[in-house]
Amino acid sequence: MEINANHRRRKFTDKAMNALSVGCALLVISPLAVILFYLLKQGLAALNWDFFTKLPGPVGQPGGGMGNAIVGTLELMLLASVLGVPVGVLGGVYLAEYGRDRLNDWIRFWADVLNGVPSIVWGMVAYAVAVVPFKTFSAYSGGLALGFIMVPLVLRTTEEVLVLVPRSYREAGLALGLPRWKMIVRIILPTAMKGLVTGVLLAMGRVAGETAPLLFTAFGNRFWSHHLTEPIAALPLQIFAYAISPYDDWHRQAWAGALVLITLVFLLSAGVRFISSRQKS
Amino acid sequence: MPMSLEEKSFNPPGQPPGNPAATSAPIAAPGVRPAGTGHPAAPNREVVFDIKDLSIFYGANPAVRNVTLQIPARSVTAIIGPSGCGKSTFLRTLNRMHELAPGAHHTGTIRLLGEDLYARGVDPTLVRRRVGMVFQKSNPFPTMTIAENVLCGLRLNGVRDKRLLRERLEQSLRMAALWDEVKDHLFRPGTSLSGGQQQRLCIARALAVRPEIILMDEPCSALDPIATAKVEELIHELKKDYTIVIVTHNMQQAARVSDRTAFFYMGNLVEYAETRTIFMNPANPQTEAYVSGRFG
């Protein structure tokens, strides 16, 4: 009897804990669901072909789009990757393959500190480095700011992915008489390729939504920018500008812009999921 | 002189001197006859490894102490001993893999066919091309096909000659007794093979660069008895052309495959002699206790 009662109590506790954790999980997901629902509701109305192809219209005149901002964001992501991917990946290779313990600890520590630096600070750095000397806001400076943010992200994920490659492959490569760099480039990096791509895509998704570092670097532009030395439009900037404006039409467009931006990030994440699911099979 | 360690050439398409090449001609090409012929137990064989007073350390801890021994050519030398006795560490100093461990260093000398392996200016990658290695766990590269795995060492070292590559592919797989099993699917991933096949693939990969010596670090410990028998048979074949040094936990295996056996205990070389002597009539009571299974 005693045992039976005990058993019943345990079963109850088990169920209660289960329900609690499911409830917490739902609590975590629900804001996302609410945001997505609200974005779809508000954004879809203003979403049409013009939105993707046209420039923003003049104040008071309905219509127009964010074509320049969408293209601008893609350009900025590309520019950021040009800086962030090689530096991050090579740094990660150094940490995982070459570095000595003491120095590695320092690099890791600083990378983590840099990961925690508020993004607007990166904007200020890029402003000081790339805007002030050239006396103009530019796509380059925006890409630089976003690239700064990418470097420590890519560095750390690269290191983690490379460390997961079993040591036996390194030894096998070296035992064939391969120089170390060749072993890394031809054996270790291909083995870790899917993880590397995943890390890069996640970092790109992260910087795609950054607004603050672009405020005084890319600056925004109501027109197509024809050169990377000119100020350039970006979705987050455009959303920001339209959201704080007093016009209803612009508000609707800001919602649509937010929907497009979140879709972009979602697509990157979906790409990551796709790549990592193929890795298992 | 054999191929110099400083020499940059990498077994080019022709046949390098003193190399057991395609024809499975014996290693004893004319001119390969360095010093050290006077080993009492191997009077007719040149000494491949001449090791003197070798002590190996991890940081301050000695893993191997004052080992002096000579390994004769075209024979199988087994290294046995309980776990932690330093046998793997010893093996890894023979192709300079040991120095990859942090804090690893050594004293004493190792001569490979008369040349100091650790002399200044000796490139470890060239040492490793001459002294190949097969590991405990089979480790075919997961991104490569069977063929790519075998040819990896050649291709990544710059061999482009298609005909040579095709020849080496078949020869190496045949030598590793794997050709018949894989010839119809050379372009499947190397990891699609069974455990025993993967290990033979790794042996083929090591053979493809035509090393002069093959080190094996417990090559059968992850294999079932049938796969083990195949690898042992293979070792028996390979010793016609190659010098093989094998570390094994399995004393029966040492007795089956080796010509000479070294017994290591606590970092010391306790006894080194003909395998038959070690197992039937060891000079040292410790050796006797170990091979008869009374400890370890």
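For segment B:176-199, how many residues meet the condition of being under 20 Å from residue B:254 (Cβ atoms) and either surrounded by 24 or more Cβ atoms within 10 Å (Cβ to Cβ) or of a type in the set (Val, Ile, Thr) (or both)? Result for segment B:176-199: 1. You will find that of B:73, B:78, the residue that is buried (at least 19 other Cβ atoms within 10 Å of the Cβ), more than 14 Å from every other protein chain (Cβ to nearest Cβ), aliphatic (A, V, I, L, M) and in contact with a helix residue (DSSP H, G or I) (Cβ under 7 Å, 6 or more places away or on another chain) is B:78 and no other.
Name the single residue, out of those in segment A:112-129 being small (Gly, Ala, Ser) and surrounded by fewer than 21 Cβ atoms within 10 Å (Cβ to Cβ), that is farthest from residue A:220 (Cα to Cα). It comes out as A:116. No other residue among A:230, A:171 is farther than 21 Å from residue A:137 by Cβ and among the acidic types (Asp, Glu) apart from A:171.
Checking each residue in segment B:183-200 for being closer than 17 Å to residue B:225 by Cβ and not in a helix (DSSP H, G or I) picks out only B:194. Count of segment B:144-158 residues, restricted to those that are free of Cβ contacts under 8 Å to residues at least 40 places away in the same chain and within 7 Å of another protein chain (Cβ to nearest Cβ), is 1. Look through segment A:120-168, keep the residues that are assigned to a loop (DSSP other than H, G, I, E, B) and under 19 Å from residue A:91 (Cβ atoms), and return whichever of them is farthest from the other protein chains (Cβ to nearest Cβ). Within segment A:120-168, the match that is farthest from the other protein chains (Cβ to nearest Cβ) is A:164. Applying the criterion of being more than 8 Å from chain B (Cβ to nearest Cβ) and touching a strand residue (DSSP E or B) at 6+ places or on another chain (Cβ under 6 Å) to the residues of segment A:169-225, the residue that is surrounded by the fewest Cβ atoms within 10 Å (Cβ to Cβ) is A:222. Consider segment A:24-61 and keep the residues that are assigned to a loop (DSSP other than H, G, I, E, B) and surrounded by 12 or more Cβ atoms within 10 Å (Cβ to Cβ). The one that is modelled with the lowest pLDDT is A:57.
Suppose we filter segment A:199-246 for residues that are within 15 Å of residue A:56 (Cβ to Cβ), touching a residue at least 12 places away in the same chain (Cβ under 8 Å) and not β-branched (Val, Ile, Thr); how many remain?
Going through segment A:199-246, the residues within 15 Å of residue A:56 (Cβ to Cβ) turn out to be A:219-225, A:231-245.
With the extra rule that they be touching a residue at least 12 places away in the same chain (Cβ under 8 Å), the set shrinks to A:219-225, A:231-242.
Imposing the further condition that a residue be not β-branched (Val, Ile, Thr) reduces the set to A:219-225, A:231, A:233-238, A:240-242.
Going through segment A:199-246 one residue at a time, the tally reaches 17.
Scanning segment A:211-249 for residues that are out of contact with any helix residue (DSSP H, G or I) (no Cβ under 7 Å at 6 or more places or on another chain) and hydrophobic (A, V, I, L, M, F, W, C) yields A:219, A:240, A:241, A:244.
Quick check, is residue B:139 within 23 Å of residue B:190 (Cα to Cα) and assigned to a helix (DSSP H, G or I)? In short, no. Summed over segment B:159-168, residues that are assigned to a helix (DSSP H, G or I) and either within 15 Å of residue A:176 (Cβ to Cβ) or within 14 Å of chain A (Cβ to nearest Cβ) (or both) total 2. Pairs meeting the criteria (first residue in segment B:277-296 and touching a residue at least 40 places away in the same chain (Cβ under 8 Å), second residue hydrophobic (A, V, I, L, M, F, W, C), beta carbons under 6 Å, at least 6 apart or on different chains) are B:291/B:251; B:291/B:279; B:295/B:289.
Within segment B:116-143, if we keep just the residues that are in contact with a Pro (Cβ under 6 Å, 6 or more places away or on another chain) and either acidic (Asp, Glu) or within 7 Å of chain A (Cβ to nearest Cβ) (or both), the residue that is farthest from residue B:90 (Cα to Cα) turns out to be B:143. Is it true that some residue in segment A:53-67 is free of Cβ contacts under 8 Å to residues at least 40 places away in the same chain, within 30 Å of residue A:185 (Cα to Cα) and among the charged types (D, E, K, R)? Within segment A:53-67, not a single residue is free of Cβ contacts under 8 Å to residues at least 40 places away in the same chain, within 30 Å of residue A:185 (Cα to Cα) and among the charged types (D, E, K, R). Residue count for segment B:65-103 satisfying the condition of being over 12 Å from the mean Cα position of the chain (by Cα), within 18 Å of residue B:258 (Cβ to Cβ) and among the charged types (D, E, K, R): 1.
The values are calculated or read from the model by the stated rules, or taken from the named source; none is laboratory data. Only a predicted model underlies this, so the values are computations on that prediction, with no experimental measurement involved. Neighbour counts run over all protein chains shown; Cβ positions are idealised from the backbone, glycine included.
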